[in-house]
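The values are calculated or read from the model by the stated rules, or taken from the named source; none is laboratory data. Remember, predicted model here, so these are calculated numbers, not experimental data. Ideal geometry is used to build each Cβ from the backbone, glycine not excepted, and the neighbour counts take in all protein chains shown.
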Amino acid sequence: MTVTDDIVLSPATLHSLARRALLEAGATAATADATAHALVYADARGLSSHGVARLPMYLAQLRNGRVDAAAVPAIVRDKGAAFLVDAADGLAFDACALAISTGIERARTFGTAAASVTRSHHFGAGAYHLEAVGKAGLVGLAFSNAPGSMPVWGGKHPLLGTNPIAAVFPRAKAEPLMIDLSLSHVVRDGKPIPEGWATTIDGEPTTDARAALDGMMLPFGGAKGAVLALMVELLAAALSGAQFGSEAGSFLTEDGPRSRVGHLFWLLDPDALAGSRVYQQRIETLIELMLVDDDVRLPGYRRHEIAAASASAGIALNRKLFEQLKTLANDRADAL
């Protein structure tokens, strides 16, 4: 019999394993549930970089106090359609869930809502937070800053993070359009990279991926991408009073200062603007025009397909990571 490097788990089983590991590290039940749900969501959609592979570092940071295991998020400033959630130095997902659920209520009341989150952490796949927004029939935008890894255009220091952006546009009789992207090029250790993707630690251009990992990533789209990353930095961090990327502690180290980054969720009710019927007519008209060309794929639809496959066939998890998570869950995953 050939032993593969992967083990296949159902989404529910993987959620249970992740939740137990989080509880073992001292997380509250609410944090454990929200975090496990978000990470399994990512794995079920092929976004393993934001899935349970993140757990070992999250758990180490919970144990050593870089993340507050007892944190309870709360709304600390409130003015009609706009409010601020304090993540209280905890993991991001519980705080983001509060921002989204409250934002949906406010958007239905006021036609729009702006929810800022401060003193937060890595918020994972941006689209995850907007899924409930789309199901509620609302348009949603999500912005987050991150620890510094990119310079401003013409700069030599890592002031800006990868600063992801996500958006959801609901449809009446189909899955929503879901857009999710970060503003840097992606560098993989050991693989040559094109010019213009990254710099060395001294700020010099490089095609060496290893040198790039010690240096800085560069924004896609050159100066335009850099300005867009700056815009996200201001929306996510300045409005929430969070740390800028250059001030934030790394998501990827066990020790060091707390991350304390920020997020912004902006929700819009189409019925408050042109009206839901007109909005739905307009979005379907554009989609019909897009699909005239056979090679066009609607944004987010590939992930819907992968999620459906994961629900029936399970999620492939690296065996080494699986064994590590079992250990972190205090071996109570033996019954899996």
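Please tell me if E233 is touching a Leu at 6+ places or on another chain (Cβ under 6 Å) and assigned to a helix (DSSP H, G or I).
Details: touching a Leu at 6+ places or on another chain (Cβ under 6 Å): yes; assigned to a helix (DSSP H, G or I): yes.
Against the criterion (touching a Leu at 6+ places or on another chain (Cβ under 6 Å) and assigned to a helix (DSSP H, G or I)), E233 qualifies.
Which is modelled with pLDDT of 95 or more, within 21 Å of F93 (Cβ to Cβ), in the same structural domain as A114 (by TED's automatic domain parsing) and not in a loop (DSSP other than H, G, I, E, B), of L317, L321, L264, L286?
Checking each option against the conditions leaves just L264.
When you go through A107, A114 one by one, which is the residue that is of a type in the set (A, V, I, L, M), within 26 Å of V278 (Cβ to Cβ) and surrounded by fewer than 24 Cβ atoms within 10 Å (Cβ to Cβ)? Reasoning before the result, please.
Numbers: A107 fails: surrounded by fewer than 24 Cβ atoms within 10 Å (Cβ to Cβ).
The unique qualifying residue is A114.
From (1) surrounded by fewer than 17 Cβ atoms within 10 Å (Cβ to Cβ); (2) closer than 24 Å to L130 by Cβ; (3) touching a residue at least 12 places away in the same chain (Cβ under 8 Å), pick out the condition that doesn't hold for R77.
Of (1) surrounded by fewer than 17 Cβ atoms within 10 Å (Cβ to Cβ); (2) closer than 24 Å to L130 by Cβ; (3) touching a residue at least 12 places away in the same chain (Cβ under 8 Å), only one is false for R77: (3).
Filter segment 275-307 down to the residues that are over 14 Å from P170 (Cα atoms) and touching a Gly at 6+ places or on another chain (Cβ under 9 Å), then identify the one that is surrounded by the most Cβ atoms within 10 Å (Cβ to Cβ).
In this case the residue turns out to be R303.
For segment 16-30, what are the residues that are under 28 Å from E305 (Cα atoms), crowded, with 22+ Cβ neighbours inside 10 Å and in contact with a Leu (Cβ under 9 Å, 6 or more places away or on another chain)?
Those that are under 28 Å from E305 (Cα atoms), crowded, with 22+ Cβ neighbours inside 10 Å and in contact with a Leu (Cβ under 9 Å, 6 or more places away or on another chain): L17, A18.
Only residues in segment 218-236 that are at pLDDT below 90 count as the first member; pair them with residues that are assigned to a helix (DSSP H, G or I), Cβ under 6 angstrom, at least 6 apart or cross-chain, and list the lot.
P219/G225; P219/A226; P219/A229
Consider L130 carefully, then state whether it is modelled with pLDDT of 95 or more, under 16 Å from the mean Cα position of the chain (by Cα) and among the aliphatic types (A, V, I, L, M).
Yes, satisfied.
For segment 1-78, which helices (runs of 4 or more DSSP H) that fit wholly inside it have 2 or more residues that are among the aliphatic types (A, V, I, L, M) and over 25 Å from A115 (Cβ atoms)?
By residue number, 11-24, 55-64.
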